[in-house]
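Data block below; observations after.
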Amino acid sequence: MSDIQFFGHIIDGEEVESLDGARFDVWNPWTQEVFAQAAEAGAADAARAVESSRRAFDEGPWPRMGRAERAAAIHRLADLMEERADDLACLDSTNMGKPFAQAKHDVGRSVWNFRFFADHQRDHVGEVYPMDSGHHSYSEFGPAGVVAAISPWNFPLMMATWKIAPAIAWGNTCIIKPSEDTPASVTLLGRLAIEAGFPPGVLNVLNGHGAPAGAALTADERVDRVTFTGSSTTGKAVMASAATHLAPVSLELGGKGANLVFDDADLDNAVHWAVEAIFRNSGQICLAGSRLFVQSGVYDEFMDRFRAAAEALVIGDPFDPATRFSVLASRRHFEKVRGYVESVEEQGGKVLTGGVDEDGAWLVRPTIVTDLPLTAPQYCEEIFGPVCVVNRFETEDDVVALANDTRYGLNAMVFTENLSRAHRVSSRLRAGTVWVNCFFIRDLRTPFGGVGDSGVGREGGNFSREFFTEPKAVVMQIDRG
Ligand code: TXE
């Protein structure tokens, strides 16, 4: 136990223990060993973090400094992240079993989150409304205050930075609570923010469980915005808690993405992205293409190729450069996914390939399931693992109806070489994002979020500006005549 690492809270510019000294174990799911401990926040620690961020907002320089100065500070943090990219990626791979190359890719996207939002706020253009009455009005976007951000374990660093970056860029102060499963990389980020010279309280990291730590943050009336990514069930609790003090929420919740492959698709491309969409990150992606619909004319050929590609994925140690696919992030999550896979046959489905490893690893191999009734839990619920449920379809109308028949609505994919169909179907799909002939490509200027059980609100570009600021109208008299 001597070389075990420790991840404290980052509060007010210092790394600290919990007030009562409580800690929890942090696991490496590949070795199934505890590799670190983290400070475990109670309600008093949450209050201390909020107090610090409140003071930093009400009295500190951050919301008051010039846009360029704030952007420069954020770019300094991004520079440090680039210098420490291997360390950040190593922590995510160790902590959740993500293949190292994918973790490095996530660090790149995390850096870009900071750089993009730093520049976006620095360079943003307001609006002026000339009025016939002899006045004009203009809009101003001032910071909203203290932001509580709660992030999940599937992209520990990337999802946290997606929230932190726009929050602090727009002059807010922020408390991030990473998932209790993955506190490591976000704590290192908090240390780097100190090194970058951020004023105390601008970015606090609170480690701990959903309750009491997360719940104490969302319920604190000194918090002005709550941004959350996680399960739909917890999202509802977060929204109810924030409502007690009327803090606006942005919720990015689960998904059950539909992936539509038409007869005229480029099959090499469709197979490549179908594999990425459900097996990348071991399927632990809210955007996963977990419901795959293949048109009859190409069904047999597509399925042969899809199955072969799934079986060819190299499974192994996240730090082996050859590894493309590894274990699930925790024992708890493995047990959840295992339950879905092991009950496929009793639900009337067939496991075409994959299944649960029986050698004790927290591993579910890339799994393809067919013949399930449309009422089966595996078809309707978010498994959040490497399990693809496949259906055959005949017509465009049929598949649009099938794709939209879900409580979720985060994203969908369409594979077709027919331009009119691509536009028509994208428009008819009930989803926050539709990818045509691709997957996972993101332009940070565009809206991101979901419909129905997939969330509330949109973030990205000006959508983040709306959420993380208090837009104000200033009305001026120009002409007294
Ligand atoms: O989620 P939770 P869990 C889905 C996925 C997964 C399931 C459960 O299907 O299997 O959710 O995962 C914090 N107040 N997604 O249990 O509970 C918690 O500490 C405030 C989809 O990890 O939603 C963590 O930081 N915060 C998803 C975060 O919420 C609370 C990503 C997420 O935990 C809280 C993750 C409370 N009362 C899971 N309770 C996606 N959309 O990508 C918990 N938390």
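The values are calculated or read from the model by the stated rules, or taken from the named source; none is laboratory data. Predicted, not measured: the structure shown is a model, and the values here were computed from it. Cβ placement follows ideal geometry from the backbone for every residue including glycine, while neighbour counts extend to all protein chains displayed. Note: accessible area is taken over every heavy atom of the protein model, side chains too, but ligands, DNA and RNA are not part of it. Shrake-Rupley method; radii C 1.70, N 1.55, O 1.52, S 1.80 Å.
Annotations for the structure displayed:
- Among (1) in a helix (DSSP H, G or I); (2) aliphatic (A, V, I, L, M); (3) in contact with a helix residue (DSSP H, G or I) (Cβ under 6 Å, 6 or more places away or on another chain), the one test that Val147 misses: (1)
- Test for Leu313: is it at pLDDT 95 or above and under 27 Å from Pro99 (Cα atoms): yes
- Pairs meeting the criteria (first residue in the stretch 453-481 and free of Cβ contacts under 8 Å to residues at least 12 places away in the same chain, second residue open to solvent by 10 Å² or more (accessible area, probe 1.4 Å) and part of a strand (DSSP E or B), beta carbons under 9 Å, at least 6 apart or on different chains) are Glu466/Phe141.
- Positions within the stretch 379-406 being within 13 Å of the ligand (Cβ to nearest atom) and either in contact with an Asp or Glu (Cβ under 7 Å, 6 or more places away or on another chain) or in a helix (DSSP H, G or I) (or both), in sequence order: Cys380
- Qualifying residues in the stretch 451-471 (those that are within 19 Å of Met159 (Cα to Cα) and among the hydroxyl-bearing types (Ser, Thr, Tyr)) - the one nearest to the ligand (Cβ to nearest atom): Ser454
- Residue in the stretch 170-187 that is part of a strand (DSSP E or B), within 11 Å of the ligand (Cβ to nearest atom), open to solvent by less than 10 Å² (accessible area, probe 1.4 Å) and at pLDDT 95 or above present: yes
- Test: Thr323 is more than 16 Å from the ligand (Cβ to nearest atom), over 25 Å from Asp405 (Cβ atoms) and β-branched (Val, Ile, Thr): yes
- For the stretch 8-26, the count of residues that are within 18 Å of Ile176 (Cα to Cα), touching a Ser or Thr at 6+ places or on another chain (Cβ under 8 Å), part of a helix (DSSP H, G or I) and open to solvent by less than 20 Å² (accessible area, probe 1.4 Å) is zero.
- Trp153 falls short on exactly one of the conditions (1) open to solvent by 20 Å² or more (accessible area, probe 1.4 Å); (2) of a type outside the set (D, E, K, R); (3) part of a strand (DSSP E or B), and that condition is (3).
- The set of residues in the stretch 188-214 that are within 8 Å of the ligand (Cβ to nearest atom), in contact (Cβ under 8 Å) with a residue 12 or more places away in the chain and of a type in the set (A, V, I, L, M) contains only Ala213.
- Residue match in the stretch 391-401 (condition: polar (S, T, N, Q), open to solvent by 20 Å² or more (accessible area, probe 1.4 Å), at pLDDT 95 or above and in contact with a strand residue (DSSP E or B) (Cβ under 8 Å, 6 or more places away or on another chain)): yes
- Scan of the stretch 253-282 for residues that are small (Gly, Ala, Ser) and touching a Ser or Thr at 6+ places or on another chain (Cβ under 7 Å), ordered by number: Gly254, Gly255, Gly257, Ala265, Ser282
- Scan of the stretch 229-247 for residues that are of a type in the set (Ser, Thr, Tyr) and either within 6 Å of the ligand (Cβ to nearest atom) or open to solvent by 50 Å² or more (accessible area, probe 1.4 Å) (or both), ordered by number: Thr229, Ser231, Thr233, Thr234, Thr244
- Within the stretch 215-224, the set of residues being open to solvent by less than 10 Å² (accessible area, probe 1.4 Å) and either more than 15 Å from the ligand (Cβ to nearest atom) or not in a helix (DSSP H, G or I) (or both) comprises Val223 only.
- Among (1) of a type outside the set (A, V, I, L, M); (2) open to solvent by 10 Å² or more (accessible area, probe 1.4 Å); (3) within 16 Å of the ligand (Cβ to nearest atom) - the single one Pro143 does not satisfy: (3)
Okay, residues lined up against (1) under 21 Å from the mean Cα position of the chain (by Cα); (2) at pLDDT 95 or above; (3) open to solvent by 20 Å² or more (accessible area, probe 1.4 Å):
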residue: Ala213; (1), (2), (3): yes, yes, no
residue: Gly254; (1), (2), (3): yes, no, no
residue: Asn269; (1), (2), (3): no, yes, yes
residue: Leu292; (1), (2), (3): no, yes, no
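- Test: Ser296 is open to solvent by 10 Å² or more (accessible area, probe 1.4 Å), within 11 Å of the ligand (Cβ to nearest atom) and at pLDDT 95 or above: no
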